[in-house]
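This report refers to the structure that appears directly beneath it.
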Amino acid sequence: MNDRILDQESYTQSTPAKAAHDDGIDLDDLLPKIGEFGLYQKCLLWLVCLPACLPCGFCAFNQLFMTDTPDHWCRVPQLSNFSLEERKMMSIPKKFQAEDNSTYESCVRYSVNWTEIMELNQSIHINESWPLEPCLDGYEYDRSEVISSVVIDFDLVCDYDVYPTLGLVALNVGGPVGVYSFGILNDRIGRKKSFFACLSTLLLGSIMTAYAHEYWFWVVARIIVGLTIPAVYQIPFIISLELAGPNYRSFVTVMTCIFYTLGLILLSGVTYVLRDWRSLALATSVPFFFYYLYWFVLPESPRWLLMKERLEEANNILKTIARVNGKHLPEEFTTKLQKQVLEQKEHGVKETKNANAFSLCKTPNMRLKTILITLNWCASEMVYVGLSYYGPAIGSNQYMSFFLSSAVEIPSYIVCWILMDKVGRRWPLCLSMVISGIFCMVTVLLPNDAETETLILYLISKCFISASFLIIYPYAGELYPTELRGVGIGTSAYIGGLGLIIIPFINYLGTNNLVLPLVLMGALSVVGGLTALRLPETLHTSLPQTAEEGEEIGKDWTYKDCWSCGGPRQVESEGDSYENLDQLELTQAPIIEDEVSELRPARRSSMRKLVRQASILETQRDHDGSLKMTYWF
């Protein structure tokens, strides 16, 4: 969502604080001179940003394996001298609907006095007409596969079987609160300090999780962990995004998605090896104490430092970037930058226009687009997360199912990345959600014992919904006008996050009917995908800058527009758009000046294939040019 696509004249008029910007040096103008994606940015991405994806994925999904529910039945203390099979056979009634005679009831037992029976009879004869009673003395568990879990330790079965679901709800309740809170913290104390505050919160919640000896203490610990998801990896990602040039921000974003998925694949291996839930909680958190070493290598965002008028610190970081990249920081940068910051101080804060969520609903077309964007965002996020949560329940091996459900995301990201600039945004979003929903709902036609077939349909559905989850963010950023883009994305994303609170309850329905959650999520995905056709296409179109321009986009929509794919490529004259510079860089190597003052084209042949429209990767910028973190989250 590039907020720099502005006509130069209207850009100066609409934002007075930017008038001085023309005399200064924007970081997006400076980065090509000191390296858009040089050695410094590559090291930051591969050694800091991408590894920072692991804590989020680990701590968001390890709870699925902490709450494994093994086979269980009532405990009868009077029969403790008998073997396990003998205890079950004598005290637990069999399920009449079972196909074999080896399946026993889980939550009831025979209501008889076993002490008296054993005193009177040397041989015990089972009478199926005996009265039944609930498990008054606790439960016994089959520990052959699930050695330890929260369910076993806290007896969260039968009347309490919804409690593990409430724990997952607690995790998702913390998410919207945490990302907004850490977003504010990012803007106030900086990206670097906020990351370590977030990391500390995550580690605290994870350690509390591992040592919880009461269920409600465990729930509180999960809320604390939820506060940091996904902020713990978004913060270093934002730093990398701010330090990368406009032409490489899409690469940074997609690589983050891919590496996040690789973290989930790694988690499936960790959970397979560690079957004790306390050890799993520690193993998926304690290694991240090493991330405190990032304090010595993770830079503060220069954009944030400029906003706080800490010019010397920003200058030092930019000099380091230039030196590592083998470039030279222009001497005039400091002088012009100081002038720019002083002018922003005088004009920017006073005259910056504040927008709120109500601004999105003032005009009918913008109101309709806001509703449709939010609906698609909510449906895409709910179905994606819901299918991710449901992965271990599908198939005969929960670890392999989770591994496969994570692995199928990677090809969907790559294919979607290519299609978005070929076909557009609307149809890939629609088809990915509709196809995902259809494959989900088809599972209801399969017999109950078709585990493999259900797993295959589930994986296809997960693959397609992952693609939609990647499309919705840039698509929304191109539909919202610049002056409302930040608050629009923030509103849609926040409502989508709130929708995650009900997802665990939908998955809970799978306790009695395995495919019911898939059908519900499939229906939601289909509805969301079909409504996407009402949105206008944004491929090759200029981003709207004002609310008035945003109202005009798609205002003359007709049913015939549903069948159009992509859009006509708009060629603007030189100087018409400030951001045409970024678009030109996609097809022609920029000319830069080296140390011997010779003009030469930058070498980008290897990266050009990985670059897409730069206009879709930025979020709302503050008056100083820095990314607004509260809007980002």
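The values are calculated or read from the model by the stated rules, or taken from the named source; none is laboratory data. Note that the structure is a prediction, hence the values are computed from the model and not measured. All Cβ positions, glycine included, derive from the backbone under ideal geometry; neighbour counts span all protein chains shown. Calculation scope for accessible area: heavy atoms of the full protein, side chains included, ligands and nucleic acids excluded. Shrake-Rupley method; radii C 1.70, N 1.55, O 1.52, S 1.80 Å.
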- Task: State the number of residues belonging to region 118-170 that are in contact with a Lys or Arg (Cβ under 7 Å, 6 or more places away or on another chain) and among the aromatic types (F, W, Y).
- Result: 1
- Check off (1) more than 21 Å from the chain's Cα centre (by Cα); (2) buried (at least 21 other Cβ atoms within 10 Å of the Cβ) for S285 and give me the number that stays unchecked. (1)
- Name the pairs: first residue in region 446-474 and in contact (Cβ under 8 Å) with a residue 40 or more places away in the chain, second residue of a type in the set (K, R) and in a loop (DSSP other than H, G, I, E, B), Cβ to Cβ under 7 Å, at least 6 apart or on different chains? I471/R425
- Which listed residue, of R249, R278, R303, is assigned to a helix (DSSP H, G or I), over 17 Å from C56 (Cα atoms), at pLDDT 90 or above and among the charged types (D, E, K, R): R278
- Checking A19 against (1) at pLDDT 85 or above; (2) open to solvent by 30 Å² or more (accessible area, probe 1.4 Å); (3) among the hydrophobic types (A, V, I, L, M, F, W, C), the condition it does not meet: (1)
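Step by step: first the residues of region 78-119, then only those that are of a type in the set (D, E, K, R), under 17 Å from C135 (Cβ atoms) and modelled with pLDDT of 80 or more, then the one that is surrounded by the most Cβ atoms within 10 Å (Cβ to Cβ). Which residue is that?
Among them, the one singled out is R109.
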- Going by the structure shown, is A221 outside any helix (DSSP H, G or I), of a type in the set (G, A, S) and open to solvent by less than 10 Å² (accessible area, probe 1.4 Å)? no
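Among the listed residues D161, D153, identify the single one that is open to solvent by 60 Å² or more (accessible area, probe 1.4 Å) and of a type in the set (D, E).
Details: D161 fails: open to solvent by 60 Å² or more (accessible area, probe 1.4 Å).
Checking each option against the conditions leaves just D153.
State whether the residues of region 186-194 include one that is outside any helix (DSSP H, G or I) and touching an Asp or Glu at 6+ places or on another chain (Cβ under 6 Å). Spell out the reasoning first.
Of region 186-194, the ones outside any helix (DSSP H, G or I) are 190.
Then drop every residue that is not touching an Asp or Glu at 6+ places or on another chain (Cβ under 6 Å), which leaves 190.
Yes.
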- Note on the structure: The one condition G395 fails out of (1) part of a helix (DSSP H, G or I); (2) open to solvent by 20 Å² or more (accessible area, probe 1.4 Å); (3) touching a residue at least 60 places away in the same chain (Cβ under 8 Å) is (1)
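Condition check ((1) buried (at least 21 other Cβ atoms within 10 Å of the Cβ); (2) closer than 21 Å to G488 by Cα; (3) among the aromatic types (F, W, Y)) across all residues:
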residue: Y390; (1), (2), (3): yes, no, yes
residue: S412; (1), (2), (3): yes, no, no
residue: W417; (1), (2), (3): no, no, yes
residue: D421; (1), (2), (3): no, no, no
residue: G437; (1), (2), (3): yes, no, no
- Scanning region 306-343 for residues that are open to solvent by less than 20 Å² (accessible area, probe 1.4 Å) and of a type in the set (V, I, T), the one modelled with the highest pLDDT turns out to be I321
- Taking S148, is it in a loop (DSSP other than H, G, I, E, B) and at pLDDT below 85? no
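Restricting to region 512-562, and then to whatever is closer than 23 Å to L457 by Cβ, open to solvent by 30 Å² or more (accessible area, probe 1.4 Å) and more than 24 Å from the chain's Cα centre (by Cα), can you tell me which residue is modelled with the lowest pLDDT?
Filtering region 512-562 down to residues closer than 23 Å to L457 by Cβ leaves 512-530, 532.
Those left that are additionally open to solvent by 30 Å² or more (accessible area, probe 1.4 Å): 512-514, 516, 519-520, 523-524, 527, 530.
Of the ones still in play, those that are also more than 24 Å from the chain's Cα centre (by Cα) are 512-514, 516.
Numbers: N512: 82, N513: 86, L514: 86, L516: 91.
Checked region 512-562; the qualifying residue modelled with the lowest pLDDT is N512.
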